[in-house]
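To keep things clear, I will list the structure first and then write my remarks on it.
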Amino acid sequence: MRRITLALLVILTTAVQAQTFIKVYTKGSTEPLIINTADIDSITFERDAEKGTIKNPFTVAELLQACNNLGANEFLGDGATVYARGIITRVTEMNTQYGNATYYIADKRNSKEEFCVYRGRLLNQAWVKTGDELSMGDTVTVCGKVKNFNGKTLEFDNNNYLVELRKYQPSYEERNAVFRLEMPRLKEGDNQLLLVHTATLNDLTGETGINYSTEWDTSIHAQRWSCYQLYGSLLDKNTDRTQTGYPNDPFLPMTYQFAADPYVRSGYDHGHICPSADRLASVESNEQTFYMTNMQPQTHSLNAGIWSRMETQVRSWAASSYVDTLYVVKGGTIDKEDQIYDYLGSDANQIPVPKYFFMAMLAKQSTGGYTAIGLWVEHIAEYSSKTPIGNFAVNIRELEQKTGIDFFPNLPDAIEESVETLPLSNLKNVWGL
């Protein structure tokens, strides 16, 4: 016999040839569920579980709403235990000494409506041991008491814990980022991390996808390059520069994040590799360009001088009617000691100052063909504002020899060989230099 538990609106009964059937209309349904009463043992009616319980946890938006009128240091529900489910948007501390984690949750991965989870424990009230148990994108259900700390921060108070943890599963696009045309070949070794930054790419159209990717070397606390695409909708201007500092990258595991900003009072600029001005089509994509992982130390004269002029030239190429998509790789030299000018910071915050910076561009032309060019510039040098950008041009094969990086390996071999070895004089003509 069937035992049925229902939360229903309407039940109708119909008799057919000495059999009785029940038509059940559930909320939001236009088609009934038809059940023979002979198959039913019992029917139990249940109302929806109260919000904030383990059966019906708050969303973050609902929890924020419930906390609307909390005074300073007051507890929600006079200190009652509540449950809330959300996606981890950032992890601010994984304390292996005291075994707890502080992080923020929201209903969407890129939402600004966050709720703080302060010094919580893991599933089954387990302690944090390794520091990598939680990551951005994980879905969690938190159990604990909620308060308005000092009237400034709505948070789950300490001693909260998880009753659910679903680890983040990268999207198809993220898993296949290494096959995109802008992606260089990753350096071999255990110290390399590929950080794939996904975002809303255009606030007007709602386009989402990969904003830019970065290869991060954990052994020297530095990025090797950032790579990204430029095309029509990404060149729209829907926002202004959104700088609110230079935050740690939430896509970077907590273990490798900076305890302090080594650029402060160093004499070097935070040199954008994927520039803010290349990501003005959405607020989120622009904010991500300020992550510390997208920076390399640059003198102000380079950053505001020839490097800025090169960035402007790249956008000009991308906006040309002859170009369908521009695939871009930029970075500085960090792998050879004779290509490192200096170091800044100390210990865990020490990072190399590149002696040279580079750009590699692959253009998919409107006609369907491909062409590529490189730019190579010495860091500590003075350049006139009138120095032609063509003075820094090299073909991709030469740039690969200088950097040790294999650019555009996802092109078919014949096309890669052709675009990477074009003589410099031909390149300058093709690229208008």
The Rg/Rh figure for region 175-281, Cα atoms and Kirkwood Rh, to two decimals is 0.97
Plugging the Cβ-Cβ distance of ASN176 and GLU382 into 1/(1 + (r/R0)^6) at R0 = 51 Å yields, to the nearest 0.05, a FRET efficiency of 0.75
Between the alpha carbon centres of region 387-402 and region 91-170 the gap in Å comes to 48
Per its Cα gyration tensor (rounded if a/c is under 1.5, else prolate when a/b beats b/c, else oblate), region 172-234 is best filed as prolate
In units of 2.2 N^0.38 Å, the Cα radius of gyration of region 348-433 is 1.23
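Calculate the dipole size of the chain relative to its Cα centre from +1 charges on Lys and Arg beta carbons and -1 charges on Asp and Glu beta carbons; express the result in debye to the nearest 20. Show your work: numbers first, answer last.
Details: 39 positive and 52 negative charges, 161 e Å.
That gives the chain a dipole magnitude of about 780 debye.
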For region 381-433, the charge dipole (Cβ of Lys, Arg +1; Cβ of Asp, Glu -1; about the Cα centre) points to a positive end, and the Cα of ILE405, ILE415, LEU433 closest to that extreme belongs to LEU433
Of the candidates PHE156, THR37, VAL60, the farthest towards the positive dipole end of the chain (Lys/Arg Cβ +1, Asp/Glu Cβ -1, centred on the Cα centre) is THR37
Partner lysines whose C-alpha sits under 20 Å from that of LYS55, ignoring same-chain residues fewer than 8 away, are LYS27, LYS145
From the Cα centre of region 256-312 to that of region 321-368, the distance in Å is 12
Rounded to a whole %, the carbon-and-sulfur portion of the accessible area of region 108-156 at a 1.4 Å probe is 46
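For the chain, what is the accessible area per residue in Å² when the probe is 1.4 Å?
Details: 21350 Å² over 433 residues.
Solvent-accessible surface per residue comes out at 49 Å².
Using Cα-Cα distances under 8 Å and only pairs 6 or more residues apart, what relative contact order does the chain have, in percent? Please list the in-between numbers first.
Working: 926 pairs, mean separation 43.6, N = 433.
Normalised by residue count, the contact order of the chain is 10 percent.
Could you order the peptides 205-214, 257-266 from most to least packed, using the average number of other C-beta atoms within 10 Å per residue? Provide the component values of the computation, followed by the final result.
Values: 205-214: 19.0, 257-266: 15.1.
Taking the mean over residues of other Cβ atoms within 10 Å, the ranking is 205-214, 257-266.
What is the calculated FRET efficiency for SER316 to SER425, with r their C-beta to C-beta distance and R₀ = 25 Å, to the nearest 0.05?
Values: r = 21 Å, r/R0 = 0.84.
Efficiency, from the Cβ-Cβ distance: 0.75.
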Phi-derived 3J(HN,Hα) across region 224-241 with the Karplus relation (6.51, -1.76, 1.60, θ = phi - 60°), rounded Hz, x for Gly and Pro, is 8, 6, 10, 9, 6, 10, 10, 7, x, 5, 7, 8, 5, 10, 10, 8, 9, 4
The Cα extents of the chain along the principal axes, largest first and rounded to whole Å, are 92, 56, 38
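Roughly how many percent of the accessible protein surface of region 221-309 is carbon and sulfur, given a 1.4 Å probe and a whole-percent answer? Mind showing how you got there, number by number?
Working: 1610 of 3190 Å².
The C+S portion of the solvent-accessible surface of region 221-309 is 51 percent.
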Expected vector for region 261-274, Karplus 3J(HN,Hα) from phi with 6.51, -1.76, 1.60 and θ = phi - 60°, integer Hz, x for Gly and Pro, equals 7, x, 6, 4, 6, 8, x, 10, 6, 6, x, 4, 9, 8
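As a test, work out the antiparallel percent of DSSP beta bridges whose residues both lie in the chain, rounded to the nearest 5. Don't jump to the answer; show the numbers that get you there.
Numbers: 85 of 94 bridges.
Here the share of antiparallel DSSP bridges comes out near 90 percent.
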Taking a ≥ b ≥ c as the square roots of the eigenvalues of the Cα gyration tensor, with a/c under 1.5 meaning rounded and otherwise prolate when a/b exceeds b/c and oblate if not, region 243-292 is oblate
In the chain, taking the dipole from +1 charges on Lys and Arg beta carbons and -1 charges on Asp and Glu beta carbons about the Cα centre, the listed residue (VAL128, PHE21, ALA84) farthest towards the positive end is PHE21
Share of Cα-Cα pairs in region 294-374 beyond 14 Å, whole percent, is 68
Sorted by chain and then number, the residues having a modelled amide H within less than 5 Å of the amide H of THR20, at least 5 places away or on another chain, are THR37, ALA38
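Counting only other residues whose beta carbon sits under 11 Å from that of ALA281, what net charge do I get with K and R as +1, D and E as -1? Could the numbers behind the result be given before it?
Details: positive: LYS237, ARG279; negative: ASP203, GLU207, ASP236, ASP278, GLU284.
Residues close to ALA281 contribute a combined charge of -3.
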Given pairs LYS402/LYS428; LYS187/LYS402; LYS364/LYS386 and cut-off 25 Å on Cα-Cα distance, the over-length ones are LYS364/LYS386
Each label sits 7 Å from Cα toward the beta-carbon; between THR139 and SER418 the label points are separated, in nm, by 4.7
Counting only backbone N atoms under 16 Å from a point 7 Å out along Cα-to-Cβ of THR244, the residues of region 81-118 in range are 89-92, 104-116
For ASP78 and LEU33, extending 7 Å from Cα along the Cα-Cβ vector and measuring point to point gives, in nm, a value of 3.8
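The values are calculated or read from the model by the stated rules, or taken from the named source; none is laboratory data. What you see is a predicted model; the values in this text were computed from it and never measured. For neighbour counting, all protein chains shown are included, and Cβ atoms are generated from backbone atoms with ideal geometry for every residue, glycine included. Side chains are part of the model used for accessible areas, which takes the heavy atoms of the whole protein and leaves out ligands, DNA and RNA. Shrake-Rupley method; radii C 1.70, N 1.55, O 1.52, S 1.80 Å.
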